[in-house]
1. Determine if the stretch 81-92 includes at least one residue that is in contact with a Gly (Cβ under 8 Å, 6 or more places away or on another chain) and over 30 Å from Pro183 (Cβ atoms).
2. Suppose we filter Tyr219, Tyr266 for residues that are at pLDDT 90 or above, open to solvent by 60 Å² or more (accessible area, probe 1.4 Å) and hydroxyl-bearing (Ser, Thr, Tyr); which single one remains?
3. Only one of Leu76, Leu93 is open to solvent by less than 60 Å² (accessible area, probe 1.4 Å) and either more than 19 Å from the chain's Cα centre (by Cα) or not basic (Lys, Arg) (or both). Can you tell me which?
4. So how many residues does the stretch 116-128 have that are among the β-branched types (Val, Ile, Thr) and open to solvent by less than 60 Å² (accessible area, probe 1.4 Å)?
5. Any idea how many residues of the stretch 176-219 are over 27 Å from Ser16 (Cα atoms) and in a helix (DSSP H, G or I)?
6. Name the single residue, out of those in the stretch 33-57 being more than 12 Å from the chain's Cα centre (by Cα), part of a loop (DSSP other than H, G, I, E, B) and among the hydrophobic types (A, V, I, L, M, F, W, C), that is surrounded by the most Cβ atoms within 10 Å (Cβ to Cβ).
7. Being under 11 Å from the mean Cα position of the chain (by Cα) and either among the small types (Gly, Ala, Ser) or surrounded by 24 or more Cβ atoms within 10 Å (Cβ to Cβ) (or both): is that true of Ala234 here?
8. For Ala148, only one of the following conditions fails: (1) in contact (Cβ under 8 Å) with a residue 40 or more places away in the chain; (2) assigned to a loop (DSSP other than H, G, I, E, B). What is its number?
Amino acid sequence: MHELPQQLANGLILGSMYGLIAIGYTMVYGIVQLINFAHGEIFMTGGFGALTTWLALPDGTSIWLALPLMLVGGVLTAVLIAMAAERFAYRPLRGAPRLAPLITAIGLSIALQQAVWSWYPNAKDARTFPQIPGGPISLTSSLSIQRADLFLLVAAPLSMVVLGTFVRKTRTGRAMQATAQDPDTAKLMGINTDRIIVVAFALGAAFAAVAAVAHGLRYGQVDYQMGFIAGLKAFTAAVLGGIGNIYGAMLGGLVLGVAEALATAYISDVPGMHQLGGGSWADVWAFVLLIVVLLVRPQGLLGERVADRA
C-alpha cells in the first residue's frame, strides 16, 4: 500500500493527457454528431509541429524559453490540419449517412500517418523530443513527480478553466451550445454553424497539441504511430465520461488513467492473475473498464439520456 500514492499520481497524470485529447472527440461529436477517428493523428501532428519548432531554434536554447514556442508551433500545426480536414474531408459529407464520414475519418487517420512517415525527415523511427533537465521531485517518502509531468499538471486544469470560461462567457461559446442543441434552429437565429463547427475542430486540435507536447516531454520521443493508441484511449475516455460533455471527457480521462495505473501495478499481485498485470495489459484493462461502465450506465458518467436527433 505504500506505493498507492505514487500509482494514483501516475494515473492522474496519464489521465490528464487522455482527457485533453478526449476534449476534441467530445466537442466535435457534441456539435456535428461525428466521431473523428483521425483526432489521434491530429494529436500526433501537434507533437511533430512542436518538434519542428524545437529543431528550428538555435542550438543551446533553454527548454524553458523554447517550451512556449513549441506549444505555439504544435498548436498551429494541429489546428491548421484539423481545419483543413473539416473543410475538405468532412464538410462535403455533412448531409451524408453517418457511415460515410466515419469511414472518411478512418481513411484520413491512415493518410496522416503515412504522410508523416513518408515526408517528415527520419520519421520512420521515433524522433527524440527535448527533455526538462533534472531528476524527479520528491513530495513525500512514497511520492515523487517527474519534472516533465509538472507541465501537464499545470496545463490540464488551466486548459479546462479556459475552455469552460470560453464556452460559458463568450458569444462564440454560447453559439456552440446553441448549435449543439439544435443546428437548424441555430441557423434560423443567425448563427453561422459552419464557422462554429470549424471553431470546435480548432479548439479540440489545440488541446490535443498541448497533450502531444506533454507526451513528448514525458516519454522523450514522438513517432508517427503514437496517435493510434492515444486516440483510442481518448475516445474511450470521452465515451466513459459521456460523449458530448466537455467535463465528462476530462473526468473519463482521469478515471481511465487511474484505473490503468492501478490495474497495471496491482493485478499481477492477485493470486492466479500474475499473467494479467504489467504494462502489456494496460490497454486491455482500459477497455474492460469501458465495457463495465457502459453495462451499468450506457450514457457515460456525466452523460444524459437523450433521443437521437433526426
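1. Within the stretch 81-92, none of the residues are in contact with a Gly (Cβ under 8 Å, 6 or more places away or on another chain) and over 30 Å from Pro183 (Cβ atoms).
2. Details: Tyr266 fails: at pLDDT 90 or above.
Of the residues listed, the single one that is at pLDDT 90 or above, open to solvent by 60 Å² or more (accessible area, probe 1.4 Å) and hydroxyl-bearing (Ser, Thr, Tyr) is Tyr219.
3. On the way: Leu76 fails: open to solvent by less than 60 Å² (accessible area, probe 1.4 Å).
Result: Leu93 is the single residue among Leu76, Leu93 that is open to solvent by less than 60 Å² (accessible area, probe 1.4 Å) and either more than 19 Å from the chain's Cα centre (by Cα) or not basic (Lys, Arg) (or both).
4. Looking only at that region, the number is 1.
5. Residues meeting the conditions: 12.
6. Across the stretch 33-57, the extreme among qualifying residues is Leu34.
7. Values: under 11 Å from the mean Cα position of the chain (by Cα): yes; either among the small types (Gly, Ala, Ser) or surrounded by 24 or more Cβ atoms within 10 Å (Cβ to Cβ) (or both): yes.
Yes; evaluated as a whole, the condition is true for this residue.
8. So Ala148 meets the others, but not (2).
The values are calculated or read from the model by the stated rules, or taken from the named source; none is laboratory data. Because the structure is a prediction, the values reported are computed rather than measured. Virtual Cβ from ideal backbone geometry, glycine too; neighbours counted across all protein chains shown. All accessible areas refer to the heavy atoms of the entire protein, side chains included, with ligands and DNA or RNA removed. Shrake-Rupley method; radii C 1.70, N 1.55, O 1.52, S 1.80 Å.
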